[in-house]
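*Asks:* Quick one: this structure, given as structure tokens, is what I'll be asking you about.
The values are calculated or read from the model by the stated rules, or taken from the named source; none is laboratory data. Keep in mind the model is a prediction, meaning the values are calculated, not measured. As a convention, Cβ positions derive from the backbone with ideal geometry for all residues, glycine included, and neighbour counts pool all protein chains shown.
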Amino acid sequence: MAAKVLVVTSGKGGVGKTTSTAALGAALASAGKKVVVVDFDVGLRNLDLIMGAERRVVYDLINVTQGDAKLSQALIRDKRLDTLHLLPASQTRDKDALTSEGVARVMEDLRAQFDWVICDSPAGIERGAQLAMHHADMAVVVTNPEVSSVRDSDRIIGMLDSTTARAKAGQRIDKHLLLTRYDPARAARGDMLKVEDVLEILSIPLLGIIPESQDVLRASNVGSPVTLADPSSAPARAYMDAARRLEGETLEMQVPGEKKSLLGKLFGRRVA
Amino acid sequence: MSFFSNLFGKKNTAPVARERLQMLLKHEKVGNSHNQLVAVLQEEILAVIAKHMQIDRDKVVVKMDSGNEVNTLEIDIEMPSPARA
């Protein structure tokens, strides 16, 4: 299979880009794919912390682009999954140290080694976010059902369609909506934007709906992607379905808190 | 999650988060000049080792002690097992 470069982006901060990068990366790696997750948030890296690899970072993306370290020296192999790797961002360097030529070279090398290259974008629409999306074949747009997040996602979708390498070459970039921090209680009360409202406004296909959950917070506390920390939890199952959809499978969409069958009620909670 | 923590309700994760953050921030914030030298030595030693194998940051311990006659520099490096190197 040819490598796929995927950017996880949103415009707005705090919506769950890093959590989603780690969870999707681990889910794809669990399915046997060779995966690297790349942190583009220079100066404010956090993917290492969410992956539980913060004590193992010595070299980073900027060291590689500047030739101070080889790619193999900067890649951190996950201790739980041999197929999962992390390329951390620099915490101390200025973000201008990341050049587009340097990133292009690294992305080409990563494409040769991995099935999935997942780029965790920084928030915002500046250079860092543009570099993270530039080489992408696909994008996961992480959005909360909340007005400012939807507006920022719309802006990011516009950028995906205009500033990326694919857009400039007149090619399409595959865009998918990942709705995160979905709160079934608020949805039931009618106090949250509806899934179909968000879909209608952004008009890109839905990859998954991740419920707001303590399990996500617990997973980040212990430094493990939620799909590894607690695979039977609701958010983990939603992420695993989303990963399978990225691989091209068609699965029925689960809306958190909706239409559980009797069987689902009896057995759907915690089977594993 | 261990068998028991699953069986008897989940273990609290907040203390783990606190410990991880303290450890991380201690490394990122380097204080006075004496500590600075030790930190620089640790970083450079780590950088050399990491060119050849993956190693946890806390497996390289650098300590400096001042005695009456001599100062000592203690460097303790715990190598990863060959399977993971």
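*Asks:* For A:Arg189, indicate whether it is surrounded by 14 or more Cβ atoms within 10 Å (Cβ to Cβ) and more than 20 Å from A:Ile125 (Cα to Cα).
*Replies:* no
*Asks:* Within 14 Å of chain B (Cβ to nearest Cβ) and either crowded, with 18+ Cβ neighbours inside 10 Å or more than 30 Å from A:Arg172 (Cα to Cα) (or both): which single residue out of A:Asp183, A:Asp215 fits that description?
*Replies:* Among A:Asp183, A:Asp215, only A:Asp215 is within 14 Å of chain B (Cβ to nearest Cβ) and either crowded, with 18+ Cβ neighbours inside 10 Å or more than 30 Å from A:Arg172 (Cα to Cα) (or both).
*Asks:* Right, something else. Keeping to the stretch A:119-159, report how many residues are of a type in the set (D, E, K, R) and not in a helix (DSSP H, G or I).
*Replies:* Selection size over the stretch A:119-159: 4.
Residue-wise test of (1) surrounded by 11 or more Cβ atoms within 10 Å (Cβ to Cβ); (2) under 24 Å from A:Asp68 (Cβ atoms).
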residue	(1), (2)
B:Ile45	yes, yes
B:His52	no, yes
B:Ile55	yes, yes
B:Val60	yes, yes
B:Lys63	yes, no
B:Glu69	no, no
B:Glu74	no, no
B:Ile77	yes, yes
B:Ser81	no, no
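*Asks:* Working only within the stretch A:160-180, note down all residues that are part of a loop (DSSP other than H, G, I, E, B) and either in contact (Cβ under 8 Å) with a residue 24 or more places away in the chain or surrounded by 14 or more Cβ atoms within 10 Å (Cβ to Cβ) (or both).
*Replies:* A:Asp161, A:Thr163, A:Thr164, A:Ile173
*Asks:* Let me ask another. Please verify whether the stretch B:22-43 includes one or more residues that are at pLDDT 70 or above, surrounded by 15 or more Cβ atoms within 10 Å (Cβ to Cβ) and more than 14 Å from the chain's Cα centre (by Cα).
*Replies:* no
*Asks:* Which fully enclosed helices (runs of 4 or more DSSP H) of the stretch A:1-104 have 1 or more residues being surrounded by fewer than 22 Cβ atoms within 10 Å (Cβ to Cβ) and within 11 Å of chain B (Cβ to nearest Cβ)?
*Replies:* Where helices (runs of 4 or more DSSP H) fall fully within the stretch A:1-104 and carry at least 1 residues being surrounded by fewer than 22 Cβ atoms within 10 Å (Cβ to Cβ) and within 11 Å of chain B (Cβ to nearest Cβ), they are A:47-50, A:61-65, A:71-74.
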